[in-house]
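Enquirer: I have a structure I would like to understand better, so I am pasting it below and will then ask my questions one at a time.
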Amino acid sequence: WIAAWAGAWGSTVDAPGLTALAVRFSDCPVTLRPQFRPSVYIYQAVLDFSMNSFAVDATPKSTSKVMNSDELWRTKLIEPGTSARVDVHVRSTLGTEIEATYSIIVARQNGTDNKLRALTVDDGSFTPTFNPRVEDYIVTLPASSDAAVLQFTPMDIGQGIDIVAVGGTERISRRLEAQPQHRASAAAFPISVGQSRTLKITVHPANEDPDPRHWRSYTLKISRAPCPPSSPLFAPDMGACSPTCNDGYFRDYGHSRCGRCAPLCLKCSRWSTCLVCEPSSWTKFRFITKSEGFCREVQVPWSYIIASSAAVMVTLATCCLFCCRAQPYGKRRIEISNTESDSDLDLQ
């Protein structure tokens with residue numbers, strides 16, 4: 001009826017409505033679905049398990065007024081696993097009695113959800129397509145991807161996430177309470193060219209249930225494509241396969257990649273065999289030398305040099321002060337002697 005009224009009166013009168021509508025927990029915004037539009041009047045919002053209250057913010061059009069604004073701004077408590085309906089009543093200020101009502105169904109999660117909302121691997125191809133209820137996947141990466149970068153979005157920001165590289169030492173554990181709703185988190189795991197590895201992602205419910213039967217685990221078998229025979233080495237500085245390596249890297253055919261030289265080395269045949277070191281800089285008092293295949297920066301004993309220089313300067317200053325004080329007395333004795341001589345000559 002609002003649309004019909006607006007069509008009949010739109011040429012002379014603006015229909016009542018809102019320009020903004022939001023749900024929040026304290027100062028944290030809660031996702032509104034669908035995204036707000038003035039012409040849409042029914043919405044849903046889901047609070048995470050850790051959110052025990054909410055409030056509604058509604059901004060009316062310049063020709064409208066929110067009739068129950070005090071009720072909306074008041075914080076409302078809500079129990080886990082329950083829902084509440086909030087209506088926003090808007091009336092035109094142009095002298096008509098026409099009203100519009102926006103409704104929001106707000107629900108709070110019960111803390112038992114153990115699923116991910118979304119899971120991707122940068123540049124990776126998933127088989128099958130991700131489904132929160134499907135736990136096993138095969139992921140294929142191109143040779144240009146030097147790591148498997150996971151992007152995962154929890155159903156509830158209070159969920160605990162454990163990521164373990166099967167057969168490796170990497171392990172990432174995190175509880176996602178300090179971030180906005182539905183924001184993806186990232187974790188990176190290196191993977192060699194032409195190799196495979198398996199990642200296991202375990203999701204713990206937000207209510208911190210210690211029973212493993214109430215957890216969920218996703219398994220990703222990730223494979224990285226090899227470099228082609230014409231460019232057999234992956235160059236990290238270029239992010240691509242290459243037939244050779246740039247300065248600062250050496251050809252590591254065993255791992256099909258360009259390995260980085262040791263620190264301070266410009267050219268090397270392997271990590272422990274440097275051929276050319278970085279040049280020394282006399283203007284910066286930085287001196288580089290090569291020893292046992294590695295480049296090393298000579299540690300100049302600046303503290304000893306400064307202390308010795310200071311001691312020499314103090315000694316010189318003391319000597320100069322003594323000499324300067326002694327010099328006038330010597331001149332005076334000479335003048336007196338000369339004067340006495342002149343007097344003797346005059347007397348004679």
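Please treat every number below as a calculation from the coordinates, not as lab data. Remember, it's a predicted structure, so these values are computed and weren't measured experimentally. Glycine also receives a Cβ, built like all others from the backbone with ideal geometry; neighbour counts cover every protein chain displayed.
Enquirer: Please compute the Kirkwood hydrodynamic radius of segment 61-108 from all pairs of different C-alpha atoms, in Å with one decimal. Mind dumping the intermediate values first?
Expert: Details: mean 1/r = 0.0818 Å⁻¹.
This gives a value of 12.2 Å.
Enquirer: Here's another thing I want to ask about it. For segment 186-287, what mean projected area does the convex hull of the alpha carbons give, in nm²? It would help to have the intermediate numbers written out before the result.
Expert: Numbers: hull surface 45.1 nm².
Its Cα hull, projected and averaged over all orientations, spans 11.3 nm².
Enquirer: Between residue 110 and residue 211, what is the label-point separation in nm under the 7 Å Cα-to-beta-carbon projection?
Expert: 1.2 nm
Enquirer: All other residues with a Cβ under 9 Å from the Cβ of residue 55 taken together, and with Lys, Arg as +1 and Asp, Glu as -1, what is their net charge?
Expert: On the way: positive: 24, 74, 76; negative: 57.
Value of the local net charge: +2.
Enquirer: In addition: Running Debye on segment 109-156 with equal point scatterers at the Cα sites and no solvent, what base-10 log of I(q)/I(0) appears at q = 0.21, 0.30, 0.31 Å⁻¹?
Expert: Calculated log10 I(q)/I(0) at the listed q: -0.75, -1.17, -1.21.
Enquirer: If you don't mind, there's one more thing I want to ask. Determine ³J(HN,Hα), in whole Hz, for all residues of segment 73-78 in sequence, where each value follows from phi through the Karplus function 6.51 cos²θ - 1.76 cosθ + 1.60 and θ = phi - 60°; x replaces Gly and Pro.
Expert: 6, 6, 5, 10, 7, 8
Enquirer: Work out how far the C-alpha atoms of segment 70-215 reach from end to end along every principal axis, then list the three figures in whole Å, largest first.
Expert: In descending order, the Cα extents are 73, 37, 25 Å.
Enquirer: Would you list the P(r) distribution for segment 26-113, with all Cα-Cα distances sorted into 10 Å bins from 0 and each bin expressed as a whole %?
Expert: Using 10 Å bins, I get a P(r) of 15, 47, 27, 9, 2, 0 for segment 26-113.
Enquirer: Could you compute the net charge surrounding residue 145? Neighbours are other residues with a C-beta less than 11 Å from the C-beta of residue 145; K and R count +1, D and E count -1.
Expert: Working: positive: 224; negative: 122, 123, 146.
So the environment of residue 145 carries a net charge of -2.
Enquirer: Also, quick follow-up: How much net charge surrounds residue 266 when only other residues with a Cβ under 9 Å from its Cβ are counted (Lys, Arg +1; Asp, Glu -1)?
Expert: Numbers: positive: 267; negative: 247, 278.
Counting the neighbours of residue 266, the net charge comes to -1.
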